[in-house]
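So the structure is just underneath, and the comments pick up after that.
The values are calculated or read from the model by the stated rules, or taken from the named source; none is laboratory data. Fair warning: this is a prediction, and the values are worked out from it, not measured in the lab. Every residue, glycine as well, gets a Cβ built from its backbone with ideal geometry; the counts of neighbours run over all protein chains shown.
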Amino acid sequence: MDTQNIRLSHLSHGGGCGCKLAPAVLQQLLSEQPAAGPFHNLLVGTETADDAAVWQLNDETCIIATTDFFMPMVDDPFDFGRIAATNAISDVYAMGGRPIMALAILGMPLGKIAPATVREILGGGASICAEAGIPVAGGHSIDCPEPVYGLAVIGTAKPNEIRRNSGAKAGDALILTKALGVGIYSAAFRKDALSADAYAEMMGSATLLNRIGAELAQDPDVHAITDVTGFGILGHALEMARGSKLTLTIDRARLPLFREAAPLAQKGYVTGASTRNWDSYGDSIVLPEGLELWQRQLLTDPQTSGGLLVACAPERAEQVLGHLIEAGYPLARIVGHAEAGPSQIRVT
């Protein structure tokens with residue numbers, strides 16, 4: 001077998017966060033698991049579908065732990081490693097923490113991928129960890145039918161700086177820090193329909209660390225944070241709505257999109273995960289009349305290494321948005337608000 005000319009994205013049945021189990025399947029699996037028990041130091045577990053687990057070590061320090069891995073959505077091994085590492089580290093930032101260490105998770109189909117290619121994947125991940133200021137301190141590898149790479153990441157935060165997805169308050173403004181469309185771009189890439197400029201746009205977003213989350217968590221007017229990944233903007237907003245017991249309204253016209261996301265969606269370049277997402281949570285979404293299928297698919301599009309969804313006091317929203325843009329998130333936008341009501345998403 002010619003291991004030098006194999007396309008990584010064609011070695012797996014899916015790629016990026018589009019590989020995630022559908023929300024309904026995941027919920028069913030977790031509902032059948034026994035309770036974690038009376039661990040009073042476990043501040044955040046599985047109860048609110050949050051981004052990472054949090055253990056309070058003492059009055060000053062919490063330990064944040066997460067793991068994230070997936071199959072390739074691109075062919076360049078270094079780029080694959082960079083995307084996977086950025087995505088994994090994001091969970092710590094989404095909890096308001098700062099990462100301190102990572103462990104590599106690697107599964108490779110022996111005989112199908114050259115060792116040099118695997119080294120490039122690991123190198124891409126290590127480069128992002130270096131950018132985040134953390135070491136890759138170890139890891140684990142297996143022979144696997146499809147290529148898999150990711151990280152387990154450990155971080156820390158002060159107890160009062162932990163930000164759950166369940167802390168939103170009625171009246172809060174909702175801010176999204178990155179544009180949507182990663183799943184649509186990755187679907188087009190697999191079919192050789194993505195332009196070089198669009199690929200660069202996707203890479204720029206998917207390798208932009210969400211480090212601003214740790215800074216936002218120091219602001220008491222920022223009440224909740226989550227990152228938008230495989231379940232799409234609707235799915236992760238719904239987790240915030242359910243955790244906070246509120247209705248979240250999303251203004252579709254305000255959502256930032258990749259430049260070619262809408263025309264590619266209209267041409268049918270969408271992932272299977274987009275459909276699975278809607279099937280899982282569509283009964284908790286109120287859509288405007290006349291919304292076309294491709295427009296809905298933008299809302300359920302799985303994001304790999306997507307942005308942060310932030311709930312903050314409405315009087316601070318413009319100030320927080322300005323700070324985000326100044327800090328290097330130029331596509332950040334105020335996209336909606338939270339209000340009293342059933343745990344659902346209303347799209348306007």
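Numbers for the structure displayed
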item	result
Residue list for the range 124-144, restricted to those being in a helix (DSSP H, G or I) and exposed (fewer than 14 other Cβ atoms within 10 Å of the Cβ)	Ala130
Any hit, the range 82-91, residues being on the phi > 0 side of the Ramachandran plot and buried (at least 24 other Cβ atoms within 10 Å of the Cβ)	no
Residue that is assigned to a helix (DSSP H, G or I), over 15 Å from Leu264 (Cβ atoms) and in contact with a helix residue (DSSP H, G or I) (Cβ under 9 Å, 6 or more places away or on another chain), where the choices are Gly213, Gly204	Gly213
Qualifying residue in the range 225-239 (condition: under 13 Å from Ala338 (Cβ atoms), of a type in the set (A, V, I, L, M, F, W, C) and in a helix (DSSP H, G or I))	yes
Output for the range 168-184, where each listed residue is of a type outside the set (A, V, I, L, M, F, W, C) and in contact with a Gly (Cβ under 8 Å, 6 or more places away or on another chain)	Thr177, Lys178, Gly183
Residue within the range 268-284 that is outside the structural domain of Asp68 (by TED's automatic domain parsing), under 22 Å from His337 (Cβ atoms), surrounded by 20 or more Cβ atoms within 10 Å (Cβ to Cβ) and touching a residue at least 60 places away in the same chain (Cβ under 8 Å) present	yes
Whichever residue in the range 92-113 is over 29 Å from Val310 (Cβ atoms), of a type in the set (Gly, Ala, Ser) and crowded, with 17+ Cβ neighbours inside 10 Å and, among such residues, is farthest from the chain's Cα centre (by Cα)	Gly107
Residue in the range 303-318 that is at pLDDT 95 or above, within 18 Å of the chain's Cα centre (by Cα), of a type in the set (A, V, I, L, M) and in a helix (DSSP H, G or I) present	no
Top-ranked residue in the range 265-292 [being touching a Leu at 6+ places or on another chain (Cβ under 8 Å) and among the aliphatic types (A, V, I, L, M); ranked as farthest from Val182 (Cα to Cα)]	Ile285
Hits in the range 251-287 (condition: farther than 17 Å from Met202 by Cβ and in contact with a Ser or Thr (Cβ under 6 Å, 6 or more places away or on another chain))	Asp251, Asn277, Trp278
Filter pass, Arg119 being outside any loop (DSSP other than H, G, I, E, B) and surrounded by fewer than 17 Cβ atoms within 10 Å (Cβ to Cβ)	yes
Hits in the range 170-193 - residues which are under 17 Å from Arg82 (Cβ atoms) and of a type in the set (A, V, I, L, M)	Val182
Residue match in the range 200-213 (condition: of a type in the set (Val, Ile, Thr), buried (at least 24 other Cβ atoms within 10 Å of the Cβ) and either within 15 Å of Asp51 (Cβ to Cβ) or modelled with pLDDT under 95 (or both))	no
Test for Gly183: is it in contact (Cβ under 8 Å) with a residue 24 or more places away in the chain and assigned to a helix (DSSP H, G or I)	yes
